[in-house]
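The next block holds one structure in the form of structure tokens; read it before the comments.
The values are calculated or read from the model by the stated rules, or taken from the named source; none is laboratory data. These numbers were taken from a predicted model, which means no experiment stands behind them. Using ideal geometry, Cβ is built from the backbone for each residue, glycine included, and neighbour counts are taken over all protein chains shown. Heavy atoms of the whole protein, side chains included, go into the accessibility calculation; ligands, DNA and RNA do not. Shrake-Rupley method; radii C 1.70, N 1.55, O 1.52, S 1.80 Å.
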Amino acid sequence: MEVGRRRFLNWSWAGIGWVGLSLWGCAAKNQTPAKVEAPQTLKLSSSAFDPDGLIPAKYTCDGENRSPALSWDAPPAATRSLVLLVSDPDAPGKTFIHWVLYDLPPETRQLPEGMKADPILVQGGVQGKSDFGKYGYGGPCPPQGTHRYVFTLYALDTVLDLPPGAKQADVLKAIEGHILAQAELVGRYGR
């Protein structure tokens, strides 16, 4: 009788194991893929203008053409560098690029007003070339009407190591798959 009982128990365990494995296989097949988390949102602001507000002429080609002061909150702990891009999506023909700045140190929390147009910044960071063909910030200069100027900050899990003078397209390609967080600030300027 003991032998018969052992056979029954072994068969029962084998059956449970087979059923369990079958159910597990079904669950694995029908399981929805893990969600890919969207990048964390950062807050980007300027003491020069309010979000969606007018950018003072001082920061445009009609004034001193100085970059506005910018500040942001702490990026994720895994951040290895920051990128700042400024564009005008309302420019005729194509989005016009006003500033390309990359490889900013992750501990950076602000940029002062009037950043120099040097290819490599003393405080860390590298400047690309705008659609004006120059290093550094080029202020709003719409041919007519009011345009939006989009300041976008990216926190990356890598350092880009691009040479000075990179274009926005090169930077956007290099940051693919490396964005941990981002922020956007829009200002307007018109003539």
### Count of residues meeting criterion [assigned to a loop (DSSP other than H, G, I, E, B) and open to solvent by 50 Å² or more (accessible area, probe 1.4 Å)] in segment 90-117
11
### Summary
When residue 147 is run through (1) open to solvent by less than 50 Å² (accessible area, probe 1.4 Å); (2) in a loop (DSSP other than H, G, I, E, B), the failure sits at (2)
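If you scan segment 98-117, which residues turn out to be aliphatic (A, V, I, L, M) and either at pLDDT below 95 or over 16 Å from residue 72 (Cβ atoms) (or both)? Write out each step before concluding.
Within segment 98-117, the subset aliphatic (A, V, I, L, M) is 100-101, 104, 111, 115, 117.
Matches in segment 98-117: 100, 117.
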### Residue check, residue 67 among the hydroxyl-bearing types (Ser, Thr, Tyr) and either under 15 Å from the mean Cα position of the chain (by Cα) or farther than 20 Å from residue 45 by Cβ (or both)
no
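Go through segment 121-144 residue by residue and tally those that are of a type in the set (A, V, I, L, M), out of contact with any Phe, Trp or Tyr (no Cβ under 9 Å at 6 or more places or on another chain) and in a strand (DSSP E or B). Before the answer, list the steps.
Taking segment 121-144 first, the residues of a type in the set (A, V, I, L, M) are 121-122, 126.
Okay, now just the ones that are also out of contact with any Phe, Trp or Tyr (no Cβ under 9 Å at 6 or more places or on another chain), so 121-122.
Right, trim to in a strand (DSSP E or B) and you get none.
Within segment 121-144, residues that are of a type in the set (A, V, I, L, M), out of contact with any Phe, Trp or Tyr (no Cβ under 9 Å at 6 or more places or on another chain) and in a strand (DSSP E or B) number 0.
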### Task
Report, ordered by the first and then the second residue, all pairs with beta carbons closer than 6 Å, sequence separation of six or more or different chains, a first member in segment 54-70 that is of a type in the set (Val, Ile, Thr), and a second member that is part of a loop (DSSP other than H, G, I, E, B) and open to solvent by less than 50 Å² (accessible area, probe 1.4 Å).
55/49; 55/140; 60/139; 60/140
### Query
Given the residues 103, 62, which is the only one that is of a type in the set (Asp, Glu) and touching a strand residue (DSSP E or B) at 6+ places or on another chain (Cβ under 8 Å)?
103
### Condition check for residue 120: at pLDDT 95 or above, of a type in the set (A, V, I, L, M) and open to solvent by 70 Å² or more (accessible area, probe 1.4 Å)
yes
### Task
Please find, within segment 164-186, the residue that is surrounded by the most Cβ atoms within 10 Å (Cβ to Cβ) out of those that are in a loop (DSSP other than H, G, I, E, B) and touching a residue at least 12 places away in the same chain (Cβ under 8 Å).
166
